Amino acid sequence: MNAYGFIEISGVVAAIDVLDIMCKAANVELATWERKLGGRLVTLVIEGEVEAVRQALEAGSSNGIKKPVASGILANPHSEIQRIVAISASRFKGKDQAKKQEYKMLGQDPPDFNLKEQLNKD
């Protein structure tokens with residue numbers, strides 16, 4: 001792997017459709033995915049060789065049941081980008097990597113944070 005491809009699309013069904021198209025169009029694999037707004041916005045991250053990722057994104061963007069909101073390619077991603085993708089992948093693939101290294105994604109509450117407890121303090 002020497003490139004990541006990112007595609008953001010509205011809806012889980014549209015995301016699955018685009019992922020299927022991309023994986024069939026080129027030699028790429030799903031690295032991770034993120035759902036936001038209850039699945040109304042889905043970001044797929046694929047990985048592979050630069051040209052394969054480019055082909056996959058073009059095929060997915062033009063042949064999916066919906067047009068993507070955004071897409072992009074990162075050739076030779078920085079190690080911090082690889083770390084963020086690994087953290088995301090650990091959540092959906094069930095890996096323990098994030099727990100071992102105690103990474104925290106932006107917008108994610110710390111493990112000891114209790115919203116009810118914080119609200120009742122006042």
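When the stretch 74-85 is examined, which residues are found to be buried (at least 16 other Cβ atoms within 10 Å of the Cβ) and not in a helix (DSSP H, G or I)?
LEU74, PRO77
Give the residue that is nearest to PRO77 (Cα to Cα), with candidates limited to residues of the stretch 1-21 that are among the β-branched types (Val, Ile, Thr) and surrounded by 17 or more Cβ atoms within 10 Å (Cβ to Cβ).
From the stretch 1-21, those among the β-branched types (Val, Ile, Thr) are 7, 9, 12-13, 16, 18, 21; that's our starting set.
Restricting the remaining residues to those that are surrounded by 17 or more Cβ atoms within 10 Å (Cβ to Cβ) gives 7, 9, 18, 21.
On the way: ILE7: 16, ILE9: 22, VAL18: 22, ILE21: 23 Å.
Per the criteria, the residue is ILE7.
Restricting to the stretch 17-55, give me the number of residues that are modelled with pLDDT under 95 and basic (Lys, Arg).
3
Being crowded, with 20+ Cβ neighbours inside 10 Å and not in a strand (DSSP E or B) is the filter here; which residues of the stretch 22-49 pass it?
MET22, ALA26
Tell me, please, whether a residue that is within 25 Å of SER10 (Cα to Cα), of a type in the set (Lys, Arg), out of contact with any strand residue (DSSP E or B) (no Cβ under 7 Å at 6 or more places or on another chain) and modelled with pLDDT of 60 or more can be found in the stretch 56-69.
yes
Out of all the residues in the stretch 62-72, is one or more hydroxyl-bearing (Ser, Thr, Tyr) and part of a strand (DSSP E or B)?
Going residue by residue through the stretch 62-72, those that are hydroxyl-bearing (Ser, Thr, Tyr) are 62, 71.
Keeping just the survivors that are part of a strand (DSSP E or B) gives 71.
Yes - at least one qualifying residue is present in the stretch 62-72.
The values are calculated or read from the model by the stated rules, or taken from the named source; none is laboratory data. Since the structure is predicted, the reported quantities are computational estimates derived from the model, not experimental observations. Note that each Cβ is placed from the backbone with ideal geometry, even for glycine, and that neighbours are counted across all protein chains shown.
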